[in-house]
1. So how far, in whole Å, is the C-alpha centre of the range B:83-119 from the one of the range A:180-239?
2. Quick one: grab the alpha carbon gyration tensor of the range A:92-221, order the square roots of its eigenvalues as a ≥ b ≥ c, and give me rounded if a/c is under 1.5, else prolate or oblate depending on whether a/b is larger than b/c.
3. Once each part is reduced to its C-alpha centroid, what is the distance from the range A:17-72 to the range A:78-152 in angstrom?
4. Give me the number: length gained by fully extending B:Trp228 to B:Leu212, i.e. 0.36 nm times residue separation minus the C-alpha to C-alpha distance, one decimal in nm.
5. For chain A, modelled as a GNM with alpha-carbon contacts under 10 angstrom, which of A:Ile162, A:Ile230, A:Ile203 fluctuates the most?
6. Under the rule a/c < 1.5 gives rounded, and otherwise a/b versus b/c splits prolate from oblate, where does the range B:1-58 land using the Cα gyration tensor?
7. Taking chain A as a Gaussian network, where each spring joins two C-alpha atoms under 10 Å apart, which residue of A:Val160, A:Val14, A:Val97 fluctuates the most?
8. Pick out which of A:Val102, A:Val231, A:Val207 has the largest mean-square fluctuation in a Gaussian network model of chain A, springs linking Cα atoms closer than 10 Å.
Amino acid sequence: MNAASTALSVRGLVKEYVRGKKVLDGITIDFAASGLSAVIGPSGTGKSTLLRCVNRLVEPTAGQIHFGGRDIAPLKGRALREARREIGMVFQEYNLVERLSVMENLLSGRLGYTPAFKAWLRRFPQEDIDRAFALLDQVGLGSFANQRADALSGGQRQRVGIARAVMQRPKLLLADEPTSSLDPKTSVEIMGIMRDLGREHGIPVIVNMHDVELAKRFADRIVGMSGGRIVYDGPPDGLTDDVLKTIYGGESWLAG
Amino acid sequence: MIYALGRLDFSWDRFVTGLDNGARFIGRMLPPRIAQPDSLAKGLIESLEIAILASSMGILLSLPIGLFAARNLMPVWATWPARAIIAAARSFHPVIVAIIFVKAVGFGALAGICALVVASIGFIGKLFAEAIEEISLKQVEAVRATGASFMNVILFGVLPQVFGRFIGFATYQLDSNLRNSTMVGIVGAGGIGGTLFSAFQRFDYDFVAAILLSIIAMIMAGEVLATWVRGVFLEKGKVDGE
Ligand SMILES: Nc1ncnc2c1ncn2[C@@H]1O[C@H](COP(=O)(O)OP(=O)(O)OP(=O)(O)O)[C@@H](O)[C@H]1O
Ligand SMILES: [Mg+2]
């Protein structure tokens, strides 16, 4: 893959929380500058660890993470924050600031660009505020700007979570099981929003998920992980029962 | 307990005599009389000043100290000194601290202010730190993931979660400083306590009564003020803070 069309390039990524126990065992993978990739795999296989290493919420033990034309694995301080603000993240439990309004939660996506005294006074550029209202409309929460986040349902919260991440104008969107706490219908809506916003704003999206059917339905590419390694990487069609057996192990769970 | 009572030379006789003395004492306090309106007013105003200045400075200093003492956000090199400061500030009763400051900076309100600043740090610094240690780190992490600076993470990820409780602690401390500001005067650290003490020494009990009544009035006014402050901030908080 050439550099221009690659958003993220992970090289030999290793993570050990406990010395000698490799949770990520030398992950090497590229992600294109567009499209939605789903990462699937059994619980505890390191999917969250992989995503969280990319935006450095977790410190990688070894390896490189090429993003935005540089290796961001060794960055610290300001340089790290500047890399982070170009990577949006959506969380399983939404992680909204509960006591702030929906609008403030969206604007918090701009904090990487806002000096502290302006953030304190809530003086965000008009451009950011306009964009926040437009995004709220897009995720279907146009009339919720002044609601406090803790007054929203799970599905509404996740819409705010996505809008907050897109507010960053990120060059990459990470989502760690964004639908695992939601009902099936809402899950489909949330995946739809992520795919559509990703397309519209030209943001590549990487989603960790457990629901294989949902992954097949929305992803352009599936990455299967097992034991801290990548064991499948290809189109959704390629996910045969055999492949699923390699990813998840066993076969008794495969119906018919 | 019986041993303690024995040691303290507590006996029914003394208790009855005490009641008797008390009754005579109260008799001499009535009716209250404002013997020296000037020194009463001066003492009250000085107490009020001590309480307000000490509360504002104490709260301002407690914010960073409490933040640094929070073990969920700060590394050990920051929490350790901050916790040591809080522990030291809590060690002594404000009156003892006031005595030390009277020795250090001389008689007067400055000593009282210093003493109550120390008391405030010891009390709300600790409460601030505990409130911060109970916040949800998920919210903080989400703000950090946007590339926000440390200050912005505090402003958007931490402060909204603790703002309401901070206001509660701060107004409580104002209340408590108001009470203590009437006491530090007894050791010469300024305020109405000094006036009270000298009235006592002159056996000027009707003036003592007048002073005590005005202290009660001041504490009640303080209570009203504290409620008002809470109202203002928590109302505002609904929009952008709490
Ligand atoms: N902070 C941590 N400290 C120590 N070990 C951790 C930590 N976070 C995760 N682990 C371990 O790393 C392994 C991978 O965890 P991770 O959360 O990345 O898996 P996952 O694939 O996301 O699982 P799930 O599908 O259940 O979310 C697990 O064995 C887990 O116990
Ligand atoms: Mg996970």
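1. Spelled out, the Cα-based centre of one part sits 61 Å from the other.
2. Prolate, since a/c reaches 1.5 and a/b exceeds b/c.
3. About 25 Å separates the Cα centre of the range A:17-72 from the one of the range A:78-152.
4. Full extension from B:Trp228 to B:Leu212 adds 3.3 nm.
5. Result for chain A, Cα springs under 10 Å: A:Ile230 fluctuates most.
6. oblate
7. In this elastic network of chain A, the residue with the biggest mean-square fluctuation among A:Val160, A:Val14, A:Val97 is A:Val97.
8. Looking only at A:Val102, A:Val231, A:Val207, the largest GNM fluctuation is found for A:Val231.
The values are calculated or read from the model by the stated rules, or taken from the named source; none is laboratory data. All values derive from a computational prediction rather than experimental measurement. Positions of Cβ are backbone-derived with ideal geometry, glycine not excepted, and every protein chain shown enters the neighbour counts. Note: areas computed on protein heavy atoms with side chains; ligands, DNA, RNA excluded. Shrake-Rupley method; radii C 1.70, N 1.55, O 1.52, S 1.80 Å.
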